[in-house]
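Each remark here refers to the structure printed beneath this line.
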Amino acid sequence: MLRKLLLLSAFLGLVDMANACTNFIVGKKASADGSVICTYNADDYGLFINLCHYPAGTHPKGTMRKKYSTGIQINIKELFPEAPQTYNVIGNINEFQVSIAETTYGGREEMEDSTGILDYGSLIYLALQRSKTAREAIQVMTTLAQTYGYNSGGETFTICDPNEAWIMEMMGKGPGSKGVVWVALRVPDDAICAHANQSRITRFNMNDKANVLYSKDVISFARSKGWFTGKRQGFLMARYLCKTNFLEVVVSVMLVCGVSLITLQTIFDKYLPWALGKDKDAEDMPLWIVPNKKVSVQDVMACMRDHYENTPLALDSSSVGGGVWEMPYRPTPLRFKGRWKKIILTNVLFLLNKQLSLTLLNCVHGCLERLEECCGLVMMMVIWWHILLFIAVIQHSLNVTIHLEQML
C-alpha cells in the first residue's frame, strides 16, 4: 500500500503560487479501501521549490524557534518559544500521517494583519511538527495565529489524518489585531469535497460540537464591521467575511463540478446552470456530496489530471484562451480580462496525492526516516530528469528541422 502514498513532485517552498491551487478530499467511507484521501497542487511552471524536512526532536524549556517564516510575505527576525517535542515532517505530512494542504482565496484586504509574524505556510509546518491528529492541528494553528498574529490573506485548509478529514477557513482581523476568525468543518466520512481559491464554507451548525469548530467571535466580528446584521442562522461565512461574489465562486466551483462530471455525471447535472455562471438563482452546489460509487486513489489521480474534456466545462474547444490549436492548457498568469475558467492542471509546480490509512502508520514512520537519508538521491533524480528532458527537446527540434528540410 505504500506505493499509493504518492509524492509526484518535490514540494513545498510555499511562495506566492497559492492562487493556483486545488484540493480534493475523500472521506474514509467514501474511498474504495477505507482510507482518507487528499490532494494538493499548484500551477507555476516558472518556480523551482524544495522538499522540506523537519526532523523530530525534544527541546529544553526556554528554547526559542529561530526559523519559522516560509518567506511568502514577511521577513521578521522575532523569535518565539519552541514546543517541548516536535515530530518528523516530510513535505506536507508527518510521522502520524497528519497532512495539511491549502488554497488561497484572499478575501477582504482590510482583514489582513501586516504586523503578524506567522503566514499560512508557517502555520502548516508548525502544526505538522506539533500535532498527532487533525483536530490537534486545528487547535495548534488557531492558537498560534491568535497568539502571534496571522500575516496572510484568507485561506482554506485541508487538514486530515487516517480517521478524519476537515476543511478550515481562516482570516485575520485587521492590522495590529493579532487575531483570527475561522471556521472548521469535518467532512463526513462518506462524502467527497473540493476547494480551489474561493471560500466555500457558508452556513454551519454552531451546535454541532463534534463536527464543527469555530472562533467565538466569527459572527460578532462581522457585526462589528457592519458586514452582517441578520440573525445568526442566516450568517454565511463566504459572503459576509470572505466577500465572495457569484462569478468568482463559479470559477472555483467549476473544479468540483468538473471532477464530478468525470465519474458522477448524474449527480451533478442539476448544478450545471449555476456552475456555468448562467443562473445565479439556480441550485447552488453543496460543500460536499456523497458519491454514487466508492472513490479510489486512481479516480482521484484521474481527476487531478483532467481538463474537463468532453464535458460542458471543456476548455479545449470553448474558450479563446486555448488558441488556434484549442489546447486545454493555460500559461501563467492564469488570469486575463473577461470571464475565464480555472482548470485543475495547467503548468504544475507540484502535485501531491496523499492516502492516509491506519495500516500505513508504522510503515510511513519508517519511510519518513528513510526519505531523510535519500533526499540527496531525490535531488539527483530531479536534476537528471531535467537533463533528459533537455536532451529530448533538442532531439525533437533536430528531427523537426530535418523533416522540414526534406519537405523543401
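No lab work stands behind these numbers, since they all come straight from the coordinates. Everything numeric here is computed off the predicted structure, so don't read it as measured data. Cβ coordinates were reconstructed from backbone atoms using ideal geometry, including for glycine residues, and neighbour counts include every protein chain displayed.
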ask   = How many nm separate the modelled label positions at T229 and K61, each set 7 Å beyond the Cα in the direction of the Cβ?
value = 5.3 nm
query = If R0 is 22 Å, what FRET efficiency do you get for M327 and A282 from their C-beta distance, rounded to 0.05?
reply = 0.15
ask   = Does segment 137-253 come out rounded, prolate or oblate by the C-alpha gyration tensor, with a ≥ b ≥ c the root eigenvalues, rounded set by a/c under 1.5 and, if not, prolate when a/b is larger than b/c and oblate if not?
value = rounded
Residues with amide H under 5 Å from that of T63, placed H, sequence gap 5 or more = E82
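For the pairs K28/K173; K132/K173; K28/K270; K270/K294; K61/K225, flag any whose C-alpha to C-alpha distance is greater than 32 Å. It would help to have the intermediate numbers written out before the result.
Details: K28/K173 35 Å; K132/K173 28 Å; K28/K270 26 Å; K270/K294 21 Å; K61/K225 41 Å.
Violating the 32 Å limit, Cα to Cα: K28/K173; K61/K225.
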